[in-house]
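What follows is a set of notes on a single structure, which appears directly below.
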Amino acid sequence: MYILENFYKALRLFVRTHVDLDIDIKLPMMKHHINGHIRFYSTKDLQNIVEKLMEDLTIVERCSWSSDYTSIWLKKELWTSTVMKEIIITGCKYGSNDDHQSTVVSVSSDECNDSVTCLRIALLKEAVQNLAKINGYTIGSNGLHLLVSKKNNPYNSNLVLCGNVVCNVTAKQYKQRKQEAITKMSANRIESDEYPIDIISKLCHVSIVYELLSVRHCKVINTECDTSNKDSGIFIMYNYSRLCQVWKAYEKGVIENYYEPLPDIGSVNFGLLTSKEEWILIFNHLSVCPSVIQQSVEHLLSANVDVHRLCKFLMEMSSAVSLFYHRHHILSDPISSLLPLMYARLYLVKSTIQVYENVFQLLGIEAVREM
């Protein structure tokens with residue numbers, strides 16, 4: 001169980017034990033005008049349990065009660081250190097759980113042609129299988145059989161309905177159109193007509209995955225109505241690539257003896273990560289990732305999946321990464337007074353890269369480390 005899930009469980013148990021109340025916990029940090037890192041609402045007077053809450057939940061720094069809600073501030077250094085260690089130690093398994101270890105499921109589809117809808121079905125099927133595995137389900141034929149299909153059948157309770165994609169071209173033509181657009185964009189960026197075809201292919205795929213899976217699976221998608229020039233899939237990969245380039249530059253510095261190797265995580269002072277951008281990235285995204293993965297298949301046994309949650313998560317985390325990258329200098333000169341902060345930020349970069357890659361794997365996306 002991860003730190004956020006542990007804290008939620010402990011907080012709910014504390015409130016239920018002391019005031020016999022089930023609470024709805026909110027994360028208001030994204031709205032900067034709201035105080036506190038965590039908030040829950042109650043019409044009961046909770047003033048008398050505030051001090052006891054801080055005593056029992058050691059990760060709570062302070063809390064306050066108003067007329068209808070309680071705000072909780074966390075010990076940032078302890079929270080950050082715990083999240084970083086969870087990610088670095090578990091690596092590609094960060095976000096996994098074994099809650100459904102004894103449950104067997106299989107996922108199949110009934111469509112196979114050159115339509116964009118069928119392309120969406122194939123992507124959805126892969127994502128559902130990956131999410132089932134990481135949440136502890138066993139993939140096999142002797143259990144619940146889920147069918148991904150565009151054909152609605154109210155009598156099939158195991159149907160994962162995939163909405164149609166309104167598109168006037170075939171899947172092959174759709175991919176070609178994407179590839180041409182990305183090739184043009186890439187050529188303009190590097191002022192050259194030559195750009196690695198393997199990178200273009202990967203960028204094309206991430207663009208397609210985001211467009212087809214970022215909408216709830218049962219909803220219709222109309223690709224002909226999208227008149228914007230924004231490509232959210234490319235934006236996500238671009239910000240991932242930015243962090244990879246920072247990490248690559250640091251590793252190059254280590255090889256050239258310009259930097260020392262990254263110290264053990266236990267010796268790093270994460271209390272130096274004090275900015276709003278750093279905390280939002282850590283608290284609202286890195287620590288929330290396991291919950292997003294778990295909630296995406298919370299109702300899998302009733303054929304209800306929320307793959308689009310992963311796309312939303314990637315997009316919001318990429319916006320946070322963009323702010324962090326623009327407002328903070330990560331690599332510094334190898335001066336002793338600057339190194340502690342640099343090391344803390346490098347662990348933040350390393351952890352964020354790992355979270356990106358874990359979610360990419362679930363969506364069937366191959367990472368592009370250099371753009």
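The values are calculated or read from the model by the stated rules, or taken from the named source; none is laboratory data. Note that the structure is a prediction, hence the values are computed from the model and not measured. With ideal geometry, Cβ positions are generated from the backbone for all residues, glycine too; neighbour counts draw on all protein chains shown. Remember, those area values only see protein heavy atoms, side chains included, never the ligands or the DNA or RNA. Shrake-Rupley method; radii C 1.70, N 1.55, O 1.52, S 1.80 Å.
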Inset, instruction - Name the single residue, out of those in region 41-63 being in contact with a strand residue (DSSP E or B) (Cβ under 6 Å, 6 or more places away or on another chain) and modelled with pLDDT under 85, that is least open to solvent (accessible area, probe 1.4 Å). - result: Leu46
Legend entry - Single residue of Val104, Val116 found to be surrounded by fewer than 16 Cβ atoms within 10 Å (Cβ to Cβ), within 30 Å of Asn158 (Cα to Cα), touching a residue at least 40 places away in the same chain (Cβ under 8 Å) and of a type outside the set (D, E, K, R): Val104
Legend entry - In region 87-101, residue least open to solvent (accessible area, probe 1.4 Å) [restricted to those that are in contact with a Ser or Thr (Cβ under 8 Å, 6 or more places away or on another chain) and either basic (Lys, Arg) or not in a loop (DSSP other than H, G, I, E, B) (or both)]: Ile87
Inset, instruction - Could you please let me know if Tyr8 is at pLDDT 90 or above and within 27 Å of the chain's Cα centre (by Cα)? - result: yes
Inset, instruction - Could you list all residues from region 43-86 that are under 30 Å from the mean Cα position of the chain (by Cα), small (Gly, Ala, Ser) and either at positive phi or not in a strand (DSSP E or B) (or both)? - result: Ser81
Inset, instruction - May I ask you to list pairs of residues, at least six apart or on different chains, whose Cβ atoms are under 6 Å apart, with the first in region 346-369 being over 23 Å from Tyr250 (Cα atoms) and the second being among the small types (Gly, Ala, Ser) and open to solvent by less than 20 Å² (accessible area, probe 1.4 Å)? - result: Leu363/Ala127
Inset, instruction - Check every one of the helices (runs of 4 or more DSSP H) wholly within region 259-351 and list those with 3 or more residues that are buried (at least 22 other Cβ atoms within 10 Å of the Cβ) and within 19 Å of the chain's Cα centre (by Cα). - result: 289-296, 308-327
Legend entry - Boolean, Gly143 is surrounded by 14 or more Cβ atoms within 10 Å (Cβ to Cβ), in contact (Cβ under 8 Å) with a residue 12 or more places away in the chain and touching a His at 6+ places or on another chain (Cβ under 9 Å): no
